[in-house]
Amino acid sequence: MCGRYATTRTAADLSQIFAAADETAESLAPDYNLAPTDPAPIVRVSASGGGRVLSVARWGLVPPWAADARTGLRMINARSETLATSRAFGPSFAGKRCIVPADGWYEWLRTDKGRQAYYMTDPAEGAGLAFAGLWAASKHGLTCTIVTTAALGELARVHDRMPLLLEPARWAEWLHAPADPALLAPPAEAYLSTLEIRPVGAAVGNVYNDGPELTARLADPAAQPGLF
C-alpha cells in the first residue's frame with residue numbers, strides 16, 4: 001500500500017506543470033511526510049472551474065453515502081484490480097478521477113534486524129511523480145484516494161504494491177477519457193527503471209516529523225539492514 005508520501009512543490013509550480021487553475025487559496029504547504037487524513041494537492045476536472053483545477057483534498061476518500069468522515073481512514077488506497085466494481089470507488093472511477101502530485105513515496109521493508117524505510121522517487125529534475133487518484137465531494141468536504149497496483153521490477157523487492165504511476169503522456173487520458181479498464185494499465189517497466197529506491201532514516205516513521213532531512217539518503221547505506 002501507499003501510506004506515506006512527500007509532496008513539496010508550490011501551488012504555482014503544480015498549476016504550471018499540470019496546466020491547472022489554482023483554487024488552493026494559498027492553503028498548500030510543503031509536506032515531506034504526508035499521512036492519511038492530511039490535506040493533499042490533487043489535479044481534477046471541475047465543471048464549475050472550467051477544466052483542470054488544482055485543489056486540496058483530505059487523503060482518505062469518503063463516499064457521499066458515508067455517515068462518518070472516519071470512513072476515509074479505510075480508503076486511502078484503491079486497488080486497481082477491484083475499484084471499478086467497488087461501491088466506494090466505482091462512482092469516482094467513472095467520473096471523478098484525479099492526479100495526485102508527489103515527489104516520492106515511502107515503504108518499509110521488514111528484515112531480521114527490524115524495519116528499513118525506503119523512499120521511491122524520480123532523481124531527475126522535472127515534474128516529479130503523478131499518482132493515479134480518485135476524488136469525491138460530500139458533506140465531509142473534498143477527499144481523495146491513491147490507486148495502487150502490483151509492484152513491478154525492483155520495486156517489488158520493497159513492497160508488493162505501489163501507486164499507479166502516470167507518465168505525462170497518460171495525464172490527459174486519466175483525467176478526461178471515459179472509464180475503461182485500459183486506464184488502469186501499469187506503467188512501462190522502462191519508466192520504472194529510472195526511479196531511485198533510496199534508503200532513508202527511521203524518523204519518517206513518526207508522522208509528526210517533517211522536513212527535507214526525511215528524504216535524505218542514509219550516510220552509510222551499506223551498513224544498514226535490508227539493503228539490496
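The values are calculated or read from the model by the stated rules, or taken from the named source; none is laboratory data. Keep in mind the model is a prediction, meaning the values are calculated, not measured. Here the Cβ positions follow ideal geometry from the backbone for every residue, glycine too, while neighbour counts run over all protein chains shown. Protein only, heavy atoms only, side chains kept; ligands, DNA and RNA dropped before computing areas. Shrake-Rupley method; radii C 1.70, N 1.55, O 1.52, S 1.80 Å.
Where the centre of each part is set by its Cα atoms, how far does segment 1-49 sit from segment 56-115, in angstrom?
Centre-to-centre (Cα) distance: 15 Å.
Measure off, as a whole percent, the carbon and sulfur share of the 1.4 Å-probe accessible area of segment 38-79, all protein chains present. Walk me through the numbers on the way to the answer.
Values: 960 of 1790 Å².
Reported share for carbon and sulfur atoms: 54 percent.
Rounded to two decimals, what ratio of Rg to Rh does the chain give with C-alpha atoms and a Kirkwood Rh?
Ratio of gyration radius to Kirkwood radius for the chain: 0.95.
Among A190, A216, A150, determine the one that fluctuates most according to a GNM of the chain built with springs between C-alpha atoms less than 10 Å apart.
A190
Nearest 0.05, what FRET efficiency do A137 and Y208 give at R0 = 25 Å with Cβ-Cβ as r?
0.30
So if each residue of separation counts as 0.36 nm, and I subtract the Cα-Cα distance between T194 and S48, what length gain in nm does that give?
Numbers: separation 146, 0.36 × 146 = 52.56 nm, distance 3.77 nm.
Here the segment from T194 to S48 would lengthen by 48.8 nm.
Work out the FRET efficiency for T37 and R110 from their Cβ-Cβ distance, taking R0 = 35 Å, and round it to the nearest 0.05.
Working: r = 25 Å, r/R0 = 0.71.
E between T37 and R110, to the nearest 0.05, is 0.90.
Answer rounded, prolate or oblate for segment 63-190, using the Cα gyration tensor with square roots of eigenvalues a ≥ b ≥ c: rounded when a/c is under 1.5, else prolate when a/b is larger than b/c, else oblate. Don't skip to the end; give the middle numbers.
Numbers: a/c = 1.87, a/b = 1.32, b/c = 1.41.
Oblate, because a/c is 1.5 or more while a/b does not exceed b/c.
Ignoring ligands, DNA and RNA, what accessible area per residue does the chain give at 1.4 Å, in Å²? The partial results should precede the final answer.
Numbers: 10400 Å² over 228 residues.
In whole numbers, the chain has 46 Å² accessible per residue.
Given axes a ≥ b ≥ c from the Cα gyration tensor, I'd like to know whether segment 28-81 is rounded (a/c under 1.5), prolate (a/b larger than b/c) or oblate.
oblate
Computing the accessible area with a 1.4 Å probe over protein heavy atoms, can you report the carbon and sulfur percentage for segment 86-228? The partial results should precede the final answer.
Numbers: 3480 of 6500 Å².
Ligands and nucleic acids excluded, carbon and sulfur give 54 percent.
Averaging over all projection directions, find the projected area of the Cα convex hull of segment 124-228 and quote it in nm² with one decimal place.
9.2 nm²
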